[in-house]
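Trainee: Before I ask anything, here is the structure I am working with.
The values are calculated or read from the model by the stated rules, or taken from the named source; none is laboratory data. Keep in mind it's a predicted model, so treat the numbers as computed, not measured. For neighbour counting, all protein chains shown are included, and Cβ atoms are generated from backbone atoms with ideal geometry for every residue, glycine included. Side chains included, ligands, DNA and RNA excluded: accessible areas come from the protein's heavy atoms. Shrake-Rupley method; radii C 1.70, N 1.55, O 1.52, S 1.80 Å.
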Amino acid sequence: MNNVRTTTLSRRRLAAGLGGAVAGTLAGCLGDETSGAASIESGDGDSTDGGTDGDRDAVDAGTTVGMIYALGGLDDRSFNDAANRGIQRARLDHDVAFANEEPTSVPEFETTQADLSASDDPDYDLVCCIGFLQADALSTVAGEYPDQRYAIVDSVVDRDNVASYVFREHEGSFQAGHLAGVVTSRDLSVGAGSTRPDERTVGYVGGVESDLVRKFEAGYRAGVDHAAADVSIRSTYLGDFDDPEGGYDAAAEMYEAGADVVYHAAGGSGLGVFQAAQEYGRYAIGVDSDQSRSNPRYADVILASMVKRVGTAVYDAAERTIDGDLDTGSTTALGLAEDGVALVYGTSLGPVIPDEVRAAIAESGERIVAGDLSVPSDPEEVGQ
């Protein structure tokens, strides 16, 4: 059985995993790597061409990781890119070689996982599966390849050869909701947006409705209620993580209905939320990465982002594979206390958010870490 353990990653691993998240560039935009024909990246340069003898020598000599990304693929400026920054950092620090796979449908996950597991050229030391939608497939494949080591980020797979990494997204989302609730209750005009405090309305846009994505909504709703109980919350799910048009339409409807702030947990679909915020002169809160950095054109409406240290989890799994101590058969849970999730203020708007607002958000975070403030993980539990 998987043993859930709350862990604090070593300073070395945490700092390395965060290094790529702080960088303003997207090291993970590897446009020429496609599913089924993955190139190998090695530590001797930035080339994505895996056909040279130098690259092959690096693959043969060191640790090799197969990266299988969530639907939507790389260049989502969010979840997948955060994972890619983690493996890029492992490449820079440890000469880890890796191949990127970007399935485009759920059935492809099992096929891709099995292909990498069966491969002997290269022989993957670790297959890293990004996203909860891979869990069912991995449960099957890991049982068929008991000698292969796997890591899954954002879900739990109960296999002795799988290391599972999960996050307490509801804790970070609480802070996002707290910020939204405070902002909509104030007369605020910074950047390209402004509020209508007489409306006192905020919104939430989710991608695929699932227990995981509902955790974001639960924490957000609880945070809004903590800030001001009389704030209205509008929410919807798109059924897709790669639908910017749908994200735009959903957010536009909320802004038209009076929302001052919309928080999204919708992957690449969230780009549409930012577009709508800019067009309507309102605000948005990003997710997974600091989206004011990865999407600087929208920095003037992104108040903050609820970041998940996805890259830290990937880096930790790769480094532990190198060290021979990957904790398979167990689950590592990362929340506010472990800096696995955090509310990061936007690069443009963060400096102009009033000090008393920032202090209130900091205080609620401290209470969550101390155990004095309990955050529900199901929207139905909010207010109970």
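Trainee: State the percentage of accessible surface on region 232-377 attributable to carbon and sulfur atoms; use a 1.4 Å probe and exclude ligands, DNA and RNA. Don't jump to the answer; show the numbers that get you there.
Mentor: On the way: 1950 of 4840 Å².
C and S atoms contribute 40 percent here.
Trainee: Could you work out what % of the accessible surface of region 147-224 is carbon and sulfur, using a 1.4 angstrom probe and leaving DNA, RNA and ligands out of the count? All intermediate terms of the calculation are to be shown ahead of the outcome.
Mentor: Details: 870 of 2320 Å².
The nonpolar share, carbon plus sulfur, comes to 38 percent.
Trainee: Could you give each residue of region 76-90 its phi-based ³J(HN,Hα) in whole Hz, using Karplus coefficients 6.51, -1.76, 1.60 with θ = phi - 60°, and x for Gly or Pro?
Mentor: My calculation for region 76-90 gives 8, 6, 8, 5, 5, 5, 5, 4, 5, 5, x, 6, 4, 5, 5 Hz in order.
Trainee: Which order do PHE241, PHE216 take by accessible area at a 1.4 Å probe, largest first?
Mentor: Ranked from most to least accessible, the order is PHE241, PHE216.
Trainee: What shape does region 291-384 take by its C-alpha gyration tensor, where a ≥ b ≥ c are the square roots of the eigenvalues and a/c under 1.5 counts as rounded, a/b above b/c as prolate, and the rest as oblate?
Mentor: On the way: a/c = 2.33, a/b = 1.33, b/c = 1.75.
Oblate is the answer for region 291-384, as a/c is 1.5 or above yet b/c matches or exceeds a/b.
Trainee: In square angstrom, what is the accessible area per residue of region 232-280 with a 1.4 angstrom probe?
Mentor: I get 36 Å² per residue for this part.
Trainee: Using the Karplus equation 6.51 cos²θ - 1.76 cosθ + 1.60 (θ = phi - 60°), what ³J(HN,Hα) coupling, rounded to whole Hz, does each residue of region 140-149 give in order, writing x for Gly and Pro?
Mentor: Once θ is set to phi - 60°, the couplings for region 140-149 become 6, 5, 4, x, 7, 10, x, 8, 8, 9 Hz.
Trainee: Can you tell me the FRET efficiency between ALA118 and ASP325 if r is taken as the Cβ-Cβ distance and R0 is 35 Å, rounded to the nearest 0.05?
Mentor: Once rounded, the FRET efficiency stands at 0.85.
Trainee: Now a separate question. Please list, in order along region 204-214, the HN-Hα scalar couplings obtained from phi with the Karplus expression 6.51 cos²θ - 1.76 cosθ + 1.60 (θ = phi - 60°), rounded to whole Hz, x for Gly and Pro.
Mentor: 9, 10, x, x, 7, 6, 7, 4, 5, 5, 5
Trainee: Right, next: What are the residues whose amide H is under 5 Å from the amide H of ALA304, where those residues sit 5 or more places off or on another chain and H is modelled from the backbone?
Mentor: Here the answer is GLY286, GLY346, since their amide H atoms fall under 5 Å of that of ALA304.
Trainee: Shifting gears a bit: Non-local amide H neighbours of VAL96 (under 5 Å, H modeled in plane, Pro and chain starts lacking H): which ones?
Mentor: Those lying under 5 Å, H to H, from VAL96 are ARG91.
Trainee: Counting only heavy atoms of protein chains, what accessible area per residue, in Å², does region 60-191 have with a probe of 1.4 Å?
Mentor: Heavy-atom accessible area per residue stands at 33 Å².
Trainee: Roll a 1.4 Å probe over the protein chains and send me the accessible area per residue for region 287-382 in Å².
Mentor: Accessible surface, normalised per residue, equals 35 Å².
Trainee: Let me ask something additional. What's the FRET efficiency of ALA359 with ARG297 using the Cβ-Cβ distance as r and R₀ = 41 Å, to the nearest 0.05?
Mentor: Details: r = 30 Å, r/R0 = 0.73.
Efficiency, from the Cβ-Cβ distance: 0.85.
Trainee: Mind listing the long-range amide H neighbours of ALA342? Cut-off is under 5 Å, sequence gap 5 or more, other chains count too, H placed in the peptide plane at 1.01 Å from N.
Mentor: Those qualifying (amide H under 5 Å, at least 5 residues apart or on another chain) are VAL307.
Trainee: Do any GluC sites (Glu not before Pro) in region 123-221 lie in a loop, going by DSSP, with at most 16 other beta-carbon atoms within 10 Å of their beta carbon, and if so which?
Mentor: Filter output for region 123-221: GLU199, GLU209.
Trainee: How far apart, in nanometres, would the label points at ARG367 and ALA229 be if each is projected 7 angstrom from Cα along the Cα-to-Cβ direction?
Mentor: So the label points at ARG367 and ALA229 sit 1.4 nm apart.
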